[in-house]
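The values are calculated or read from the model by the stated rules, or taken from the named source; none is laboratory data. Bear in mind the structure is a predicted one, so any value in this text is a computation, not a measurement. Cβ atoms come from the backbone with ideal geometry, glycine included; neighbour counts cover every protein chain shown.
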């Protein structure tokens, strides 16, 4: 594929985590040349995606699973006896080797501040050419015909507001900023959330100090192995939402929490005694609507993340309800603008889903650009 006149590249891949590297691999497989016909940019200074920022106690033996990137096994990059290795070092090392093997030439650190189109955004440069997307970086503007966005969610932690939050005299932090349980020794920690991270950190922190577990919805447990059919059904539920333009739910939210030996041990210690959500936060703890009070010095919010898509706001992709209507084989293509693919959004937010979505986005976007030489109508 030859870039059209005035475009710097045919395709820009934003983000070099699992989804972005998968998309880049498949663009190469289709014959596109990195730094010639497609460009991969990443805001981090080093390879590794969000993995490089995970807490050090998250080892390869405790992480759910690290899925292979296409064309290269994770296992071949690991030394013997590496089960205790921190995921925050082992996985980035794998990504670094992967980028080198397939010569993906990721440009970093490079932050995309905005992607705009003169047809939809007044902020576009005066010299914008109709049909091209303009990605504004800190030191340059890159003009492309299509975008595969793979920015994931790690950079957008979500903390819901509860009355009195601003009065809390202790420490509040999100899982995004968690490092080690040792810093909470001697303090009572309230962990908020009903996902895998909440359970993992409850297990860890409860071995150091006292904890209370609360969440808005009661946790759903899953006994036994997770079958392929169950996984497909879970992904289908999330996919249905984004195809209808609704804000996505996480795949994990519909699969349930796996029960393993660590969970059973935490249950025996009493660390997984669930409580409904408190009604308000007070300076020295939290209070429920029935008047019950729990003194606390730490509130740890394991309340998930939102898709990091602020840089796409000038394109006006969201509908009235805040969702983005998706289409395509694996629901990666934005219905309102087929030049944009989102991976790591909705059904492709899991690591295994990101691999499949990377291939679908690469295939569908290159097909679209081969046929459509003119800007989309509207």
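Where in segment 277-316 are there strands (runs of 3 or more DSSP E), lying fully within it, with 2 or more residues that are surrounded by fewer than 17 Cβ atoms within 10 Å (Cβ to Cβ)? Working first, answer last.
Details: elements: 280-282, 285-287, 293-295, 298-301.
Strands (runs of 3 or more DSSP E) meeting the threshold: 293-295.
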Has segment 53-71 got any residue that is closer than 22 Å to residue 152 by Cβ, at pLDDT below 90, in contact with a strand residue (DSSP E or B) (Cβ under 6 Å, 6 or more places away or on another chain) and not in a strand (DSSP E or B)? yes
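Test residue 337 against the criterion of being closer than 30 Å to residue 232 by Cα, in contact with a helix residue (DSSP H, G or I) (Cβ under 8 Å, 6 or more places away or on another chain) and outside any helix (DSSP H, G or I), and give yes or no.
Values: closer than 30 Å to residue 232 by Cα: yes; in contact with a helix residue (DSSP H, G or I) (Cβ under 8 Å, 6 or more places away or on another chain): yes; outside any helix (DSSP H, G or I): yes.
For residue 337, the condition - closer than 30 Å to residue 232 by Cα, in contact with a helix residue (DSSP H, G or I) (Cβ under 8 Å, 6 or more places away or on another chain) and outside any helix (DSSP H, G or I) - is met.
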Check segment 131-150 and report whether any residue there is part of a loop (DSSP other than H, G, I, E, B) and at pLDDT 95 or above. yes
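With respect to residue 243, is the statement that it is surrounded by fewer than 19 Cβ atoms within 10 Å (Cβ to Cβ) and touching a residue at least 12 places away in the same chain (Cβ under 8 Å) true? Can you show your working first?
Details: surrounded by fewer than 19 Cβ atoms within 10 Å (Cβ to Cβ): yes; touching a residue at least 12 places away in the same chain (Cβ under 8 Å): yes.
Against the criterion (surrounded by fewer than 19 Cβ atoms within 10 Å (Cβ to Cβ) and touching a residue at least 12 places away in the same chain (Cβ under 8 Å)), residue 243 qualifies.
State all residues of segment 326-344 that are surrounded by fewer than 17 Cβ atoms within 10 Å (Cβ to Cβ) and either out of contact with any strand residue (DSSP E or B) (no Cβ under 7 Å at 6 or more places or on another chain) or not assigned by TED's automatic domain parsing to the domain that holds residue 16 (or both); if no residue qualifies, say none.
Within segment 326-344, the subset surrounded by fewer than 17 Cβ atoms within 10 Å (Cβ to Cβ) is 327, 329.
329 - this is the single residue of segment 326-344 that is surrounded by fewer than 17 Cβ atoms within 10 Å (Cβ to Cβ) and either out of contact with any strand residue (DSSP E or B) (no Cβ under 7 Å at 6 or more places or on another chain) or not assigned by TED's automatic domain parsing to the domain that holds residue 16 (or both).
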Applying the selection to segment 65-83, what residues are closer than 16 Å to residue 354 by Cα and surrounded by 13 or more Cβ atoms within 10 Å (Cβ to Cβ)? 66, 67, 68, 69, 70, 71, 72, 74
